[in-house]
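Beneath this line is the structure, given in structure tokens, with notes to follow.
Quick note: the coordinates plus some simple rules give every number you see, no bench work behind them. Small disclaimer: the values here were computed from a predicted structure and weren't measured. Cβ placement follows ideal geometry from the backbone for every residue including glycine, while neighbour counts extend to all protein chains displayed.
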Amino acid sequence: MNANEGPIKLAILDDYQNIALKMADWSPLRDRVSIEVFSDHISDPDRLVDRLLPFDIVCVMRERTPLSRQIIERLPRLKLISSTGSRNTSIDGGAAKEHGIIVNNTKGSSTAPIELTWALILAGVRNVASENALLRAGGWQQSVGEEIKGKTLGILGLGNIGSEVARIGRAFGMETIAWSERLTKERADEVGARLVSKDELFRDADIVSIHLVLADATRGLVGARELSQMKPTAWLINTSRGPIVDEHALVTALSGRKLAGAAIDVFDIEPLPTKHSFRVLDNVLATPHIGYVSRSEYEVFYGETVEGVIAWLDGRASQPSTNVTVP
């Protein structure tokens with residue numbers, strides 16, 4: 001970059017609620033970079049490249065906007081990608097390294113998604129959303145909810161989030177069973193869960209909650225076969241990643257009342273298309289990927305984003321001014 005290219009420009013992407021600048025103190029950057037916030041989402045690669053061409057720094061919120069090799073290679077000004085959360089598999093790190101682009105990550109907490117998981121479980125089995133809608137419309141009591149004490153909680157994945165979900169399940173008096181491809185009996189025992197086979201988990205659980213990382217091995221892991229094994233009274237909970245579940249198979253199962261319902265925070269395409277079945281099926285409780293959307297989490301995300309940009313500027317910039325040049 002040379003001085004003729006003007007000030008360093010920073011883009012904040014996918015700030016759906018337009019609150020990024022309120023979640024941290026961005027003032028240390030005021031005289032050093034030009035900041036532009038985008039609250040809309042662009043999925044078309046060509047349009048995305050056109051938007052990002054003027055920017056030296058791109059701040060992404062989790063995986064909302066993937067930065068693939070095809071995108072990165074078309075952004076010659078890009079020097080820094082700042083991503084919220086401890087990892088972001090939607091950024092092609094290899095391509096970034098090849099083009100001399102630094103990728104920074106912030107810390108993250110599992111508290112918010114753990115709490116949302118239980119909010120969805122309880123709201124689902126007690127029909128909270130539909131009863132609230134009825135009440136607002138002038139009605140009064142239309143359903144009979146279920147209790148979870150004594151029921152079986154099946155957890156796919158006993159990592160940081162899954163193990164805490166299991167612990168809370170035990171506090172509610174639930175039996176906890178678990179499965180994942182590499183899960184050992186010793187790990188399951190550590191968190192008070194019983195290791196079972198995948199088939200047993202879907203067959204025996206009253207609530208199946210997904211807590212796996214999206215990877216080739218987990219993409220489509222929950223399909224028509226697994227859903228067909230579930231009890232007609234069971235609920236599927238997904239606060240992990242949408243593509244872990246075969247979306248078409250789930251819509252089919254829910255439409256046919258093959259299971260009681262699903263509580264979903266994540267989807268194949270985000271934002272969720274306006275005419276998607278998950279927006280209208282009466283046995284779906286859907287939230288717009290808010291598992292990590294909490295004030296505390298955002299303050300960490302954007303606060304450490306600012307710190308990372310300052311650190312990069314101090315290491316690469318010649319002086320703190322709007323005419324900073326980066327070699």
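A few points about this structure:
- Remark: the chain carries a charge dipole of roughly 260 debye about the Cα centre, counting +1 on each Lys and Arg Cβ and -1 on each Asp and Glu Cβ.
- Among Lys107, Lys198, a tally of other beta-carbon atoms within 10 Å of each Cβ gives an order, fewest to most, of Lys107, Lys198.
- Cα centroid separation - the range 85-140 against the range 254-294, whole Å: 13 Å
- In order along the range 17-24, the Karplus-derived 3J(HN,Hα) couplings, from 6.51 cos²θ - 1.76 cosθ + 1.60 at θ = phi - 60°, round to 8, 6, 10, 4, 6, 9, 8, 7 Hz, and Gly and Pro are given as x.
- Of all DSSP beta bridges in the chain, antiparallel share, percent nearest 5: 0 percent
- Taking other Cβ atoms within 10 Å as a rough exposure proxy, Asp44, Asp50, Asp92, Asp204 sort from fewest to most as Asp44, Asp50, Asp204, Asp92.
- Mean separation of Cα contacts under 8 Å, 6 or more apart, over the residue count of the chain: relative contact order %: 19 percent
- For the range 195-327: rounded, prolate or oblate by the Cα gyration tensor [a/c cutoff 1.5]: prolate
- Segments 143-154, 230-241 sorted - mean Cβ within 10 Å per residue, highest first: 230-241, 143-154
- Prolate/oblate/rounded label for the range 59-202 (Cα gyration tensor, a/c 1.5): oblate
- Under-5 Å amide H pairs with Ala286, H placed in peptide plane, nonlocal only: Ile264
- The ranking of Arg74, Arg62, Arg219 by Cβ neighbour count inside 10 Å, starting from the fewest, reads Arg219, Arg74, Arg62.
- Beta bridges per DSSP, both residues in the range 111-286: antiparallel share near 0 percent.
- Maximal additional length on extending the Val37-Asp50 stretch stands at 3.1 nm, based on 0.36 nm per residue less the C-alpha distance.
- Each residue of the range 210-219 was assigned a 3J(HN,Hα) from its phi angle through the Karplus curve 6.51 cos²θ - 1.76 cosθ + 1.60 (θ = phi - 60°); the sequence is 9, 9, 10, 7, 6, 8, 4, 6, 9, 5 Hz, with glycine and proline shown as x.
- In summary, the helical segments of the chain meeting the span-like criteria, namely a full DSSP H run, a Cα extent along the axis of 15 angstrom or more and a mean Kyte-Doolittle hydropathy of at least -1.0, are 111-125, 160-171, 295-316.
- Its residue count N sets the reference 2.2 N^0.38 Å, and the alpha-carbon radius of gyration of the range 111-286 equals 0.99 times that reference.
- Net +/- balance of residues flanking Ile42 in space, Cβ distance below 12 Å, scoring K and R +1, D and E -1: -2
- With 21 Å as the limit, the listed pairs Lys198/Lys231; Lys22/Lys275; Lys107/Lys185; Lys151/Lys198 have Lys22/Lys275; Lys107/Lys185 beyond it between alpha carbons.
- For Val103, the residues whose amide H sits under 5 Å from its own are Ile81, ignoring neighbours fewer than 5 places away on the same chain, with H placed 1.01 Å from N.
- Debye-sum result for the chain in log10 I(q)/I(0), which assumes one identical scatterer on each alpha carbon, at q = 0.06, 0.07, 0.11, 0.14 Å⁻¹: -0.26, -0.34, -0.77, -1.08
- Estimated distance in nm for a label pair at Ser143 and Lys185, the labels positioned 7 Å out from Cα along Cα-to-Cβ: 4.0 nm
- Relative contact order %, the range 191-324, counting alpha carbon pairs below 8 Å whose residues are six or more apart: 18 percent
- Segment Lys107-Asp216, length gained on full extension (0.36 nm per residue, minus Cα span): 36.8 nm
- Nearest-20 debye value, the range 101-216 charge dipole, Cβ charges on Lys, Arg, Asp, Glu: 220 debye
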